[in-house]
Structure formats: C-alpha cells, structure tokens
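Before any comments, here is the structure.
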Amino acid sequence: MTGAGAALRERLPLWAQARCGLAPRTLAALAAVLVVAVVFAVQHFWTGRPQSVRAPEMVSEGAPAAVPKATAGSGAPGRPRQPAGAGPTGASAARIVVDVSGKVRSPGIQRLPAGSRVADALRAAGGIKAGVDAVGLNRARVLTDGEQVVVGEPPAPQSAVGGGATPAGGTGPPTGAAAAPVSLSTATAEQLNTLPGVGPVLAQHIIDYRTQHGGFGSVGELREVNGIGDRRFSDLQPLVQP
C-alpha cells in the first residue's frame with residue numbers, strides 16, 4: 001500500500017478501517033450472506049402481503065324458489081309425489097267393514113271409508129236387484145263397523161245376546177234388545193246383559209234370586225230383586241217373561 005493510501009486509511013473511522021482491511025474472499029462471503037438475507041426479506045414480504053378476497057354470491061330475495069315438477073298421477077302440480085310405501089294418514093286411513101246381504105247383485109263383505117252410508121254400501125254391492133221393494137230402506141243412515149245390512153229379506157233371528165243384522169227398512173243400527181222376550185228363569189247372564197239398564201251385577205242378582213226361589217213365577221217378582229226399582233221394572237216388563 002502506498003503512503004497516500006496509508007494516510008487515508010488512518011483518517012477513516014475504526015469500523016471503516018476494519019472493513020477496508022478485510023480480504024477480498026471475506027468480502028465476497030459477506031456479500032453473499034447479505035444477498036441471501038435480502039432474498040428472504042423480499043419473500044417474507046411478498047407472502048405476507050394483503051390479498052383481495054372475492055365476496056360470496058348472494059341469492060336475490062326476489063328469485064323464486066325451485067318447485068319440483070309434478071309427475072303423472074301425483075295430484076296437484078308442484079306437490080311432491082307421495083312415496084309408494086307411504087299410506088294415507090288421518091281420517092282418510094279409517095275404514096269400516098260391513099256385510100251387505102239379501103237381494104243385491106254382489107252380496108258379501110264390503111270395506112268402505114268411515115262415515116259411509118247405506119247408499120254407499122249398496123253401491124259397493126252392485127245395487128239392489130230389479131223388482132225389490134226398498135221403500136222402507138233408509139239409504140242416508142251412517143254405517144257402523146261390523147254392521148250387517150239385509151236388503152229385501154227379513155233379518156236373521158236375533159239371539160238374546162244381540163245380533164248385528166239391520167233390516168233393509170231399519171232406521172238405525174241395531175240396539176241390544178232381543179227380538180223375543182227374555183226368560184227370567186232360563187236366560188244366561190250374557191242374555192240378561194242385553195236388557196236395557198241391566199249390567200253384570202244386576203244380571204247376577206237376577207240369577208241369585210231365581211236360584212233361591214226356584215225360578216220366577218211371574219214378571220212381577222222382578223221387583224223383589226235387589227237393584228230393580230219402579231222405573232227400571234217398567235222398562236224391563238215388556239221385554240221379559242217368567
């Protein structure tokens with residue numbers, strides 16, 4: 001180094017004198033480290049920069065909702081078709097079973113919706129045969145489950161237990177009254193239960209009385225049975241016999 005260079009170096013600060021005193025290979029290494037540091041700084045800044053985010057698309061409030069297309073036999077348009085395995089619910093699912101017999105074209109068991117009338121049962125049975133007198137038939141009467149409708153023929157004899165047959169000219173469902181008077185001396189507890197106002201307890205009282213007295217000599221003896229008052233006796237008198 002020349003004398004001018006040495007004089008200039010002595011005037012520099014200590015950090016500059018140390019920098020100038022480094023070998024070229026050391027300076028090159030420092031420069032490479034500096035470049036690498038700059039690259040990392042630039043990469044870190046680039047990846048951390050704020051980025052614009054696209055807002056999600058909003059569905060317009062006035063846009064109509066998609067309506068499923070109606071299929072054949074599905075009913076009203078726009079209403080989804082009911083699955084094949086699903087049955088009717090509510091009142092539409094209730095059904096009754098009636099027996100239509102007598103002078104109809106197709107007598108037999110008929111299954112009808114609840115609330116059906118005699119006219120519906122006759123229609124299901126094919127209608128009344130020609131020439132049959134059905135003047136006394138109440139076709140507007142509401143049917144009950146398990147009922148029998150007899151057309152154009154006298155009803156089957158009803159036992160004291162109570163039958164389910166309804167004559168063609170009947171005006172209502174059958175009551176529990178027997179067609180013939182009930183014998184107080186021979187009737188079973190079930191037969192006595194068909195009488196109006198007589199339940200299992202009173203029927204047993206009647207049976208106990210006839211067992212103690214060897215039967216009933218007259219209908220009037222019914223007054224002596226425990227639980228038979230004047231009013232109940234007046235209701236039972238035309239329906240029973242000794």
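The values are calculated or read from the model by the stated rules, or taken from the named source; none is laboratory data. In this text, all values refer to a predicted model and were calculated from it rather than measured experimentally. Reconstructed Cβ throughout: ideal geometry from the backbone, glycine too, with neighbour counts over all protein chains shown. Protein only, heavy atoms only, side chains kept; ligands, DNA and RNA dropped before computing areas. Shrake-Rupley method; radii C 1.70, N 1.55, O 1.52, S 1.80 Å.
Structure notes:
- Förster radius 45 Å - calculated FRET efficiency between ALA140 and ASN226, Cβ distance, rounded to 0.05: 0.55
- Positive minus negative residues near TYR209 (Lys, Arg vs Asp, Glu; Cβ under 14 Å): -1
- Net charge, ARG117 excluded, C-beta distance under 11 Å - Lys, Arg +1, Asp, Glu -1: +2
- Counting heavy atoms of the protein chains alone, VAL240 has an accessible area of about 10 Å² for a 1.4 Å probe.
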